[in-house]
Amino acid sequence: MVNLSVSILVLLPFFCGVILLAVKGRSSRVLLPLWVATSVLAAIMLIKGDSVHAVLGGSYGVELMFDPSSWTFVLMNGLVFIGVTLSVIKERLPLLSCPLMAMLHGTANAVFISYDLFNIFICIEFIGILAFLFIRLGNRIRQIWSSIQYLIVGNVGMILYLTGCFYGYSATGSFSMETLPAIPAIAIYLLVIGLSVKGGVFLAGLWLPEAHGEAESAVSALLSGVIVNCGIAPLLRLAELSPVAARVVPLLALASAIYGVIYAMFDKDIKKLLAYSTISQAGFILIVPAAGHLYAISHGLFKSWLFLAAGKLPSRSFEQLKKEGIKVQVWLPLLIGALAISGMPVLGGFGAKSMILGKLSGLPAILMYMAALGTAISFAKIIFLPLAEGGDLAKAVSFSGAFYFLSLVLRDVIAGYFGVAFILKTLFIIGAGWLIYLAITSRRKIELPKSVEGLDHILGLLFVVLLLMIVVFGS
Amino acid sequence: MFKTLLNYLGGVPLDVVFLARLLLLSVILIGLWGVLFKKNLIMKIIAMDIMNTGAISLFVLSSWYRSKAPVIAEKGSSIPASDPVPQAVILTAIVVGFSVLALLVVYVMDLSRYFHTLDTDRIQNRWKR
């Protein structure tokens, strides 16, 4: 089982990537069976529901963990790639994109199934390089700058992670995640900060709006759907296994959820809005580590769909969109995606959100409800965009749209969490959000300071967070 | 007396490995300073590489904790040898670090062709509306 899984999940995508690179393949169609194989395998394993711990290559080898959490992430990876591929299936893609997609898919799978710190380090560094090449795929000068900024911040984060690995190894003599409870607190802080850079979590992840907002839409869909989760998945494991991380991560998650949502509420650019909401959704995923993977799959699906739909808009600025209106074929997917992310029942976001919020109590619960309200307010901007004349409803139905819609509905039906109280609560949150939008935020223009997102500031904040962790939680 | 004081400064025995570890941590901190306060992109990248070197050398140092001898002892022999695992894994990290560095330098070159500057503040000021 282990060998078969590793071949399908990691080796086959890499093999295809190398072949495509050699033949200069530009059609993503050939890769579709690969994504389907990943998804089917993950679905079968999720239904079987057992967890297997394997070590490749004897002692000190590569440790892998196949449990429901890792299979959920693998399933998300497969589904997001199917969706993105279906939406670009007729296009002739830029030269490097197909091989990069295949390799990204394989590496992301490898991150989700690995169970030792060093292996995760290597895979995430590789993801960083692939993401760098992806962000600058459009070849615009601003994209080159965002990708350089991303790589510098990400690499500094990974150096801190490596130092954390070192402290862990010298304390326990092993890189396995099983030894996490025994490694010193300072090592955990370093690991958490390194991973939160890649995961787009509060302060360390502020490179995200620039990179996700500037990249091509299909790339942003992959970035927000898959690459962010490559930082989040190991962070969830860390928070589950180590008591120190279990105290740190929820706090970071809270800050992330609130910060992202505040900026999303007031941004005037639709892609930046989606990028800020990714920061806030990372908070939702991380707040309850044991259930995070269940939220991650919903988020991956609706966020990549929203990015793909936003890419078809004639303009990115809300002011212009309000003036001109949008055609129905773009409006429909944006509407469904926005409803899903706000937590409307039967659309994928509901089951996940109520599962997370139902497990919280006290102050964190109140703050997360505020963040959910903020999400509803910020996505009301998309929901209340006017319709333009001359749209064609038949064009709204596409393979990728139908695929995303079905998987989101299926996601909610399987999660089943349809208590009447939760449905009422969610509808209340969404309604209140829309009212607040119509009454207040749509009429006021508020500029939030964005100077924090310069390269130097992001790097500085990385260390501020690290020092804060050491001061607040002690060693 | 001076020697014992030095040996137990703050309860930590001062040996070569400990001193070397301090030295390498300060290398990481020097790199950090460069990454944070140098405005030139190339200097930032070099500083990042210094940080990386510090982290990698920490691993190399950690394999010494029993002895410097390589692991070629016969089966059952009790001669202390160095720990092969950190040396083995860190090779991969060196390669990855190097490739990131190469990629960055190439694209910074590309960037400088558009902007004729490598100053991060001046580049970022271009898109402030």
All but one of (1) touching a Gly at 6+ places or on another chain (Cβ under 6 Å); (2) within 13 Å of chain B (Cβ to nearest Cβ); (3) open to solvent by less than 10 Å² (accessible area, probe 1.4 Å) hold for A:Phe166; state the number of the condition that does not hold. (1)
Within region A:174-188, can one find any residue that is out of contact with any Ser or Thr (no Cβ under 6 Å at 6 or more places or on another chain) and at the interface with chain B (Cβ under 10 Å from one of its Cβ atoms)? yes
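So that you can scan it fast, the table gives a plain yes or no per residue for (1) open to solvent by less than 60 Å² (accessible area, probe 1.4 Å); (2) under 24 Å from A:Leu79 (Cβ atoms); (3) out of contact with any Leu (no Cβ under 6 Å at 6 or more places or on another chain):
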{"site": "A:Pro314", "(1), (2), (3)": "no, no, yes"}
{"site": "A:Leu334", "(1), (2), (3)": "yes, yes, yes"}
{"site": "A:Pro386", "(1), (2), (3)": "yes, no, yes"}
{"site": "A:Val413", "(1), (2), (3)": "no, yes, yes"}
Odd one out for A:Asp267 among (1) within 20 Å of A:Gly343 (Cα to Cα); (2) touching a Leu at 6+ places or on another chain (Cβ under 7 Å): (1)
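Would you call A:Ala290 surrounded by fewer than 24 Cβ atoms within 10 Å (Cβ to Cβ), in a helix (DSSP H, G or I) and modelled with pLDDT under 90? Outline the logic, then answer.
Working: surrounded by fewer than 24 Cβ atoms within 10 Å (Cβ to Cβ): yes; in a helix (DSSP H, G or I): yes; modelled with pLDDT under 90: yes.
Yes; evaluated as a whole, the condition is true for this residue.
Go through the residues of region A:140-157 one by one and say whether even a single one is open to solvent by 10 Å² or more (accessible area, probe 1.4 Å) and within 10 Å of another protein chain (Cβ to nearest Cβ). Break it down stepwise before answering.
From region A:140-157, those open to solvent by 10 Å² or more (accessible area, probe 1.4 Å) are A:140-142; that's our starting set.
This time we only want the ones that are within 10 Å of another protein chain (Cβ to nearest Cβ), so: A:141-142.
Checked region A:140-157: at least one residue is open to solvent by 10 Å² or more (accessible area, probe 1.4 Å) and within 10 Å of another protein chain (Cβ to nearest Cβ).
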Considering only region B:2-9, I want to know if a residue exists there that is at pLDDT below 90, closer than 22 Å to A:Thr172 by Cα and open to solvent by 50 Å² or more (accessible area, probe 1.4 Å). no
Scanning region A:146-157 residue by residue, the ones that are touching a Leu at 6+ places or on another chain (Cβ under 9 Å) and in contact (Cβ under 8 Å) with a residue 40 or more places away in the chain total 7
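Quick grid of which residues meet (1) farther than 15 Å from A:Thr375 by Cβ; (2) assigned to a helix (DSSP H, G or I); (3) open to solvent by 20 Å² or more (accessible area, probe 1.4 Å); (4) charged (D, E, K, R):
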| site | (1), (2), (3), (4) |
| --- | --- |
| A:Val228 | yes, yes, no, no |
| A:Ala239 | yes, yes, no, no |
| A:Ala246 | yes, yes, yes, no |
| A:Pro250 | yes, yes, yes, no |
| A:Ile262 | no, yes, yes, no |
| A:Met265 | no, yes, yes, no |
| A:Ala275 | no, yes, no, no |
Of a type in the set (D, E, K, R) and within 23 Å of the chain's Cα centre (by Cα): is that true of A:Lys395 in this structure? no
Some residue of region A:118-138 being more than 10 Å from chain B (Cβ to nearest Cβ), at pLDDT below 90 and open to solvent by 10 Å² or more (accessible area, probe 1.4 Å): yes
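Of all residues in region A:7-29, how many are part of a helix (DSSP H, G or I) and touching a residue at least 60 places away in the same chain (Cβ under 8 Å)?
Here the count works out to 13.
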Take region A:35-70 and flag every residue that is in a helix (DSSP H, G or I), without any contact (Cβ under 8 Å) to a residue 60 or more places away in the chain and in contact with a Phe, Trp or Tyr (Cβ under 8 Å, 6 or more places away or on another chain). A:Ala42, A:Met45, A:Leu46
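Only one residue in A:Gly433, A:Gly460, A:Gly416 is free of Cβ contacts under 8 Å to residues at least 12 places away in the same chain and small (Gly, Ala, Ser). Which one? Steps first, please.
Working: A:Gly433 fails: free of Cβ contacts under 8 Å to residues at least 12 places away in the same chain; A:Gly416 fails: free of Cβ contacts under 8 Å to residues at least 12 places away in the same chain.
Unique residue meeting the criteria: A:Gly460.
The values are calculated or read from the model by the stated rules, or taken from the named source; none is laboratory data. These numbers were taken from a predicted model, which means no experiment stands behind them. Cβ sites come from the backbone with ideal geometry, for glycine too, and all protein chains shown count toward neighbours. Accessible surface areas use protein heavy atoms only, side chains included; no ligands, DNA or RNA. Shrake-Rupley method; radii C 1.70, N 1.55, O 1.52, S 1.80 Å.
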